[in-house]
Structures are given as C-alpha cells and as structure tokens.
Amino acid sequence: MKDLVSNQIVRYLRARQVEHIFGLCGHTNIALLAAIEKSASISFVNVRHEQIASHAADGYARVTKRASVVLTHLGPGMTNAATGVANAALDSIPMVVIAGDVPSHYYGKHPHQEINLHADGAQYEIYRPFVKRAWRLDRPHLVAEVLDKAFTLAESGRPGPVLVDVPMDVFSAEVDVASFDKVIANTRSLAKPSLDEAVAEQIVGNLLAAERPVLYVGGGIVGADAAAELAEFAELLSLPVAHSLMGKGALPDDNPLVLGMTGFWGTALVNSTTRTADWILALGTRFAEADSSSWYPEYTFDIPATKLMQIDIDPAELGRNYPLEIGALADLKAALMVLVRVARRLAPAGVSRAALRAQIAANRQALKDRNAAAQTSDDWPMRPERILSETREVLPADAIITTDVGWNKNGVGQQFDVLTPGTFLTPGGFATMGFGASAAVGAKMAERDRVVVSLVGDGGFGQNPSVLSTAREERIPVVWVVMNNNAFGTIAGLEKAAFGTTYGTVFGNGEDPMYTDYAAIARAYGVEGIRVTSASEFKPALERAIALDEPVVIDVSMVNVPTPTTGHWNILDIYSPGKRLAHLATY
C-alpha cells in the first residue's frame with residue numbers, strides 16, 4: 001500500500017509519542033503541516049521567528065529528556081533556526097530538525113530562497129558544523145530509515161541535534177508504507193554502556209585514600225537523569241560537590257555537601273577547594289573555559305598537581321583539557337549505580353567528614369550575610385540580588401527557572417538556590433541571548449503543572465519578544481521577569497573595566513535613554529504586563545503573576561552592578577595585559 005510521505009512522517013512521529021512540533025511555515029513544508037493538522041495527538045506550536053522554535057524545542061527536550069522536533073523552511077528559515085539548534089548542540093540537547101528544501105528536480109536553476117552560491121542542493125551543509133549528522137533525502141523510500149536513525153542518533157551517546165533535510169516534492173511523493181511499518185516496529189532506545197567493576201574499584205579506592213577529594217559535576221548528570229544516584233554516592237562517602245554552570249542543581253543547593261559553582265563567577269571557597277584537591281572525580285563536564293577560569297592553574301583547577309578521574313558518555317571530552325589518571329566511557333546513571341554498589345562494599349560504614357560539612361555551612365552563611373544588605377535594599381533601580389532573593393522566596397521548590405545571559409545567568413549560578421534537580425535551564429555552551437524567554441515556553445509545555453519563570457535581561461528578552469504571541473496563542477502561563485538595566489550589561493561592565501567606556505553596549509544616551517517598557521509591549525501582544533516602579537512592588541507583582549496562571553511579563557528596572565567573582569577569564573588579560581583585572585566594572 002502507498003501513501004504520501006508527509007502522512008507517513010506524521011504516523012511515525014505519533015508512534016514515537018511526539019506531542020508537539022515547534023516551527024514556522026514556508027512554501028516547502030506546508031504539505032507536512034497539512035498532514036500534522038489531521039493528527040489528533042500532535043500539535044504544531046506556531047512561532048513568529050524560527051529562533052523561538054529551536055529554543056522552545058530545546059527547553060522542551062531538557063525537561064522531557066527526549067528529542068524534541070523542529071519544523072522549518074529552507075533558506076532564511078533554516079538560518080533563523082540555526083542559533084537555537086547550535087545552542088542545543090553545545091549543551092548536548094537531543095533535537096530532530098526537519099527542514100523543507102527546494103524541489104529535487106530544480107538543482108542548478110536557483111529556485112526561490114535556495115542557498116546555492118557555493119553548491120546546488122546543499123543548504124543542509126549549513127548545519128554540519130554543529131549537528132551530529134545532516135541528511136538530505138532525495139528519494140522517498142529513504143525517509144523512514146533516515147528518520148528512525150535521526151531520532152536514535154539524537155538521543156544516544158552524547159545527545160544533540162540532527163537535521164533531516166527534505167525537498168518539498170519528496171514530502172508530497174508516494175511511498176510504500178511497509179518502509180515505515182519496519183521502523184515503527186524498531187526499538188525506541190538503546191541500552192547504554194555502564195562502568196566496569198574493576199574501574200569502579202579503582203575510582204572509589206582513590207577517593208577513599210584521598211585527603212581532599214572533590215566531586216565535580218556538569219550538565220551531563222542532569223541530562224542522564226542521574227541526580228538521585230549522585231546524591232547517594234556523595235552522601236555515602238561525604239564527598240564535597242562542586243559544579244559547573246550547567247551542573248547547577250544536579251544536587252539541590254541546600255544539600256550540605258554542595259560547594260557551589262566553580263570558575264570565573266565561582267566563590268572563593270569553591271575555587272579554593274577544587275584548586276587544592278588531591279583527587280577530583282569529574283562527572284559529565286567538559287571543563288569549559290568560564291567554569292575553569294580559562295584553565296589557569298592558580299584560580300580553579302591545578303591539574304595534574306590534582307589527580308583527575310573523569311567519566312563521560314562522549315570520548316572526545318575525556319582528557320580534552322586536563323590529563324587523566326583514569327578516564328571511563330559510560331552512561332552516568334549506570335556508572336553511578338556501579339560506584340554506589342562498590343562504595344558500599346569497600347566502605348560499608350560510609351565516611352564521615354563533619355569538619356567539611358561545617359566549613360561548607362559556614363561559607364554558605366557568610367555568602368548570605370554578605371548579600372543581606374543588597375537583598376533587602378530599597379534602592380531604585382532595584383538591586384539584582386533582591387530580585388533573585390525574592391524570586392526564590394516566592395517560587396515553589398520544583399519551579400522551573402530559565403535564564404538568558406548576564407546577571408540573570410551568572411547571578412543565578414552563584415546566588416540562587418536550585419532546590420530540585422533539572423529545574424535550571426540556561427544556555428551554557430553558546431551563552432545565547434534569546435534562549436531563556438523562548439525555552440520557558442517549551443519547558444511549560446513539557447510540565448504544565450509546574451511554575452515556570454524566565455529570568456532574563458532586557459537585552460535578551462528584546463531579541464524575540466514575539467514569543468509572547470506564541471504564549472498567548474497556545475495559552476502557556478509563563479512568567480517573564482525582565483531584569484531591565486537598559487544595556488547589554490555584562491559586556492558594558494567588561495568594556496568599562498578594560499577600556500574605560502561603554503560605547504555600543506548601553507542603550508540610548510543622556511538626552512534620550514530609550515528605556516523600553518516591556519510591560520507595555522506585552523499588553524500590545526494581548527498578554528498581561530506589569531511594570532514595577534519600586535523595589536517594594538516586585539515581590540507582590542511576582543506573586544500575583546503566578547496566581548493569574550496566564551502569560552505575564554514583569555518589567556523591573558535594575559541597577560548596573562557586576563556579578564562578584566573570584567575566578568578569572570583570559571579575555572581580561574587580552575584586553576588589559578599585565579593588569580590582572582579581576583572584576584567587571586560598575587558603570
């Protein structure tokens with residue numbers, strides 16, 4: 001029996017239990033859109049810019065732990081979506097991008113919107129630097145097999161996006177449904193590699209013999225859904241846990257063994273503890289530059305003086321930035337189950353480190369004391385520390401937080417307690433402005449019963465405010481807190497520190513400050529907008545916004561101050577050689 005390729009793609013997606021497809025129409029993909037409309041179980045989430053689609057799909061995949069689906073048009077549709085797809089790639093988020101393309105029989109004629117200045121029929125190559133694989137399907141009989149491979153590849157090994165590029169005539173071609181019957185009968189997931197018992201014994205033995213051991217965890221723990229196993233292992237051996245930005249929340253921040261975030265925006269105790277450790281076991285982290293203070297040994301990690309063991313699902317990350325004593329390729333959830341079993345055998349009574357726990361508790365209290373004045377300040381524009389503190393007070397423990405970049409990302413990483421693993425969504429690898437506002441939509445669609453709040457700067461929210469149109473259309477009750485400092489604040493502080501100017505980073509001027517009222521913009525989209533005019537108004541406004549259970553934008557003016565840091569970033573040396581600048585400047 002034969003059927004249209006577009007109908008069979010939808011049939012396959014239903015079999016994979018895909019519920020939402022994020023995207024934007026174009027003349028090359030409307031055949032698939034028409035087929036989606038006939039499906040009772042799949043909805044098309046319509047956006048006004050393809051970057052919103054890829055970021056929303058990213059947020060959805062982070063929460064569901066399954067590959068999300070993006071549908072885009074050729075040419076500008078693909079290039080618009082590319083930023084969000086690259087962001088997902090660098091943060092190891094599974095995603096399947098289905099893109100329409102020019103008709104397969106029009107090669108060389110330069111049909112409408114084709115990107116062909118280098119080669120004909122080659123638009124899929126745009127994605128090659130950042131997707132795990134890019135396919136172009138010129139024959140209908142290949143669609144089923146490639147689509148199945150695409151989902152498997154996106155979700156296996158180190159997860160990430162893949163591209164399935166389909167000429168528009170192939171969507172509308174007929175295909176034998178037997179090819180889809182075959183792949184629909186295929187397994188939906190692959191068994192993942194675990195850790196060898198003997199290797200686990202070496203790792204646990206080294207940690208037990210260490211005087212100053214540290215667990216260093218990254219986003220791989222969250223992606224592998226291994227938070228419970230991590231907590232059991234750390235508690236059994238009383239191991240202090242430091243984390244990267246992406247690893248925040250792998251253990252709840254109120255756990256007595258959590259040190260905090262390392263690197264440029266890390267705190268003194270965290271960076272000192274990781275720098276002076278004798279053994280570190282790294283789990284699911286790539287030792288990124290900001291997390292590692294540009295790999296300078298005097299700030300965060302002094303390896304190989306500190307001996308390093310590392311477990312990751314991606315062999316390319318093992319020993320990438322630091323030499324290893326032990327490197328192991330394994331799924332982190334499976335590996336930690338083995339480590340817990342071995343630890344219980346080698347240390348049946350567990351390990352007690354009362355002095356360490358007391359030190360962590362004292363440091364945590366000292367940080368709170370240091371921030372107390374700012375967190376209660378009535379200053380206007382509002383102090384960012386108070387915005388974060390009161391947001392934490394209002395939100396339930398399992399609320400999902402998305403951030404963009406700037407104070408909302410760096411400050412949350414350093415000062416905001418994430419109390420439930422997997423509820424902190426941030427653009428770690430690509431540090432993309434525009435991520436937080438759109439990812440919140442995908443996160444809320446994945447977890448309708450959770451409160452979802454997006455903490456974003458005005459620079460980030462201004463990238464794609466049309467996300468409000470999608471939220472209204474889909475009735476998605478996200479709350480956006482726009483921390484509005486009328487600037488690209490972090491970069492303004494960097495330029496001020498290095499060059500004594502904020503040229504090109506601050507909006508407007510003394511005669512026309514160009515303050516943007518995002519609450520008014522929200523109302524223009526038919527969404528509730530609240531403009532806070534004093535520090536005392538913020539907390540009640542957030543409480544009201546959550547209670548409304550509808551999309552709400554809260555615009556709050558924020559003072560321009562730098563996020564404190566004890567780490568380092570090499571760009572400071574490049575811009576100001578020999579000066580050893582340690583902080584961004586207030587401006």
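Nothing in this text is a laboratory measurement; each read-out follows from the coordinates by a stated rule. Because the structure is predicted, anything quoted here is derived from the model rather than measured. In this analysis, Cβ positions are derived from the backbone assuming ideal geometry, glycine residues included, and neighbour counts consider all displayed protein chains.
Brief remarks on what is shown
- 10 Å beta-carbon shell around PHE151, net charge (K/R +1, D/E -1): +2
- Sparse-neighbour loop sites [GluC sites (Glu not before Pro); the stretch 183-226; at most 15 other C-beta within 10 Å; DSSP]: GLU211
- Computed from point charges on the beta carbon alone (+1 for Lys and Arg, -1 for Asp and Glu), the dipole magnitude for the chain about its Cα centre is near 640 Debye.
- Contact order relative to length of the chain, as percent, for alpha carbon pairs under 8 angstrom and 6 or more apart: 14 percent
- Within the stretch 1-19: backbone nitrogen closer than 18 Å to the ALA40 label point (7 Å, Cα to C-beta): 10-19
- Partners of LYS38 within straight-line reach, counting lysines whose Cα lies under 23 Å from its Cα and excluding those fewer than 8 residues away in the same chain: LYS2, LYS182.
- By the count of neighbouring beta-carbon atoms within 10 Å, fewest first, ILE184, ILE280 end up ordered ILE184, ILE280.
- Per-peptide average of other Cβ atoms within 10 Å, ordering 39-50, 436-447, 290-301 highest first: 436-447, 290-301, 39-50
- Those residues of the stretch 67-98 whose amide nitrogen sits under 13 Å from the label point placed on ALA316, 7 Å along Cα→Cβ: 89-93
- Secondary-structure-derived ellipticity at 222 nm for the chain, considering helices only, amounts to -11500 deg cm²/dmol, per-run term -39500 (n - 2.57) for DSSP H runs with n ≥ 4.
- Around the Cα centre of the stretch 376-575, unit charges on the Cβ atoms of Lys, Arg, Asp and Glu (plus for the first two, minus for the last two) sum to a dipole of about 220 debye.
- Gyration tensor verdict on the stretch 29-112 (Cα atoms; rounded if a/c is under 1.5, prolate if a/b is larger than b/c, oblate otherwise): oblate
- With the alpha-carbon atoms of the chain aligned to their principal axes, the span from lowest to highest coordinate is 72, 69, 48 Å, starting with the largest.
- Prolate/oblate/rounded label for the stretch 2-184 (Cα gyration tensor, a/c 1.5): rounded
- Local electrostatic count, THR516, Cβ distance below 9 Å [Lys/Arg +1, Asp/Glu -1]: -3
- Binning the alpha carbon pair distances of the stretch 173-273 at 5 angstrom intervals from zero yields the distribution 2, 11, 16, 17, 15, 10, 6, 5, 5, 5, 4, 3, 1, 0, expressed in whole percent.
- Euclidean distance between Cα centres, the stretch 321-386 to the stretch 474-540, Å: 32 Å
- Note on VAL351 and LYS2: with the Förster distance fixed at 56 Å, the Cβ-Cβ geometry gives a FRET efficiency of about 0.30.
- Calculated log₁₀ intensity ratio I(q)/I(0) where the Debye formula runs over C-alpha points of the stretch 197-358, q = 0.10, 0.21 Å⁻¹: -0.29, -1.57
- Added length on full extension, which subtracts the Cα-Cα distance from 0.36 nm per residue, ASP573 to THR276: 104.5 nm
- Amide H contacts of ILE530 (H built 1.01 Å from N, in plane; Pro and chain starts excluded): VAL553, ILE554, ASP555 sit under 5 Å, all sequence-distant by 5 or more or on other chains.
- Simple spin-label estimate for ARG344 and ARG139 in nanometres, 7 Å along Cα-Cβ: 5.3 nm
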